[in-house]
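Written below as structure tokens is the structure these notes are about.
The values are calculated or read from the model by the stated rules, or taken from the named source; none is laboratory data. Note that the coordinates shown come from a computational prediction; the quantities given were computed from them, not determined experimentally. No Cβ is skipped: glycine too gets one built from the backbone with ideal geometry, and neighbour counts run over all protein chains shown.
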Amino acid sequence: MRHRVAGRKFGLPSNQRRALLKSLVRAVLAHNSIETTETRAKDVRILVEKCITTARGGDLHARRQVRKVVPDETLVKKIVTEIAPKYKDRPGGYTRITRLGPRRGDSAMMVKLELVED
């Protein structure tokens, strides 16, 4: 039984799954949007929103917490100084998922995951 077990496995071992999600989070925060499958986007959205919410604190502890997911210090600086202040008055919902249609090879639903611009 998998009652109350969150997250998807994506058919990967846990270390590869963690690496996949971290790289997708980095891509979203670096480029403001990515195109990926719907299931991946739903899992990445959770991590991106947690990163931005944590970075809104702006102190040293917040930077270190964000660095757990995003090990690149220049990207951490961008998140804390540029991205997080934009959402200072917003109580969540920093990302948007837009459906693009099925992928040609395997008919997986493709989506665009982007940061909301206000």
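Table: residues versus (1) among the aromatic types (Phe, Trp, Tyr); (2) modelled with pLDDT under 95; (3) within 18 Å of Ser33 (Cα to Cα).
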position: Thr54; (1), (2), (3): no, no, no
position: Gly57; (1), (2), (3): no, yes, no
position: His61; (1), (2), (3): no, no, no
position: Val66; (1), (2), (3): no, no, no
position: Pro71; (1), (2), (3): no, yes, no
position: Lys77; (1), (2), (3): no, no, no
position: Ala84; (1), (2), (3): no, no, yes
position: Tyr87; (1), (2), (3): yes, no, yes
position: Arg90; (1), (2), (3): no, yes, no
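Mind checking which residues of the stretch 15-31 are of a type outside the set (Gly, Ala, Ser) and more than 10 Å from the chain's Cα centre (by Cα)?
Within the stretch 15-31, Asn15, Gln16, Arg17, Arg18, Leu20, His31 meet the criteria.
Which condition breaks for Glu38 when tested against (1) touching a Leu at 6+ places or on another chain (Cβ under 7 Å); (2) under 22 Å from Gly7 (Cβ atoms)?
In the conditions (1) touching a Leu at 6+ places or on another chain (Cβ under 7 Å); (2) under 22 Å from Gly7 (Cβ atoms), Glu38 misses (1) alone.
I'm trying to understand the selection: among the residues of the stretch 65-100, which are hydroxyl-bearing (Ser, Thr, Tyr), closer than 21 Å to Val111 by Cβ and surrounded by fewer than 11 Cβ atoms within 10 Å (Cβ to Cβ)?
Once the filter is applied, which keeps residues that are hydroxyl-bearing (Ser, Thr, Tyr), closer than 21 Å to Val111 by Cβ and surrounded by fewer than 11 Cβ atoms within 10 Å (Cβ to Cβ), the stretch 65-100 yields nothing.
Matching residues to (1) in contact with a helix residue (DSSP H, G or I) (Cβ under 8 Å, 6 or more places away or on another chain); (2) farther than 18 Å from Met110 by Cα; (3) in contact (Cβ under 8 Å) with a residue 60 or more places away in the chain; (4) surrounded by 14 or more Cβ atoms within 10 Å (Cβ to Cβ):
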position	(1), (2), (3), (4)
His3	no, yes, no, no
Arg8	yes, no, no, no
Pro13	no, yes, no, no
Ala19	no, yes, no, no
Ser23	no, no, no, no
Glu38	no, no, yes, yes
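For a quick check of your reading of the model, give me the residue pairs whose first member lies in the stretch 56-67 and is closer than 17 Å to Gly92 by Cα, whose second is loosely packed, with under 14 Cβ neighbours inside 10 Å, with beta-carbon atoms closer than 7 Å and at least 6 apart or on different chains.
Arg56/Lys88
Starting from the stretch 101-114, keep only residues that are over 19 Å from Arg45 (Cβ atoms), then list their pairs with residues that are among the hydrophobic types (A, V, I, L, M, F, W, C) and at pLDDT below 95 whose Cβ atoms are within a distance under 8 Å, requiring at least 6 positions of separation or different chains.
none
Here is a list: Pro71, Pro85, Pro91. Which entry is of a type outside the set (Asp, Glu), under 20 Å from Leu21 (Cα atoms) and not in a strand (DSSP E or B)?
The conditions single out Pro71.
If a residue must be of a type in the set (A, V, I, L, M) and in a strand (DSSP E or B), how many such residues does the stretch 1-58 contain?
Within the stretch 1-58, residues that are of a type in the set (A, V, I, L, M) and in a strand (DSSP E or B) number 1.
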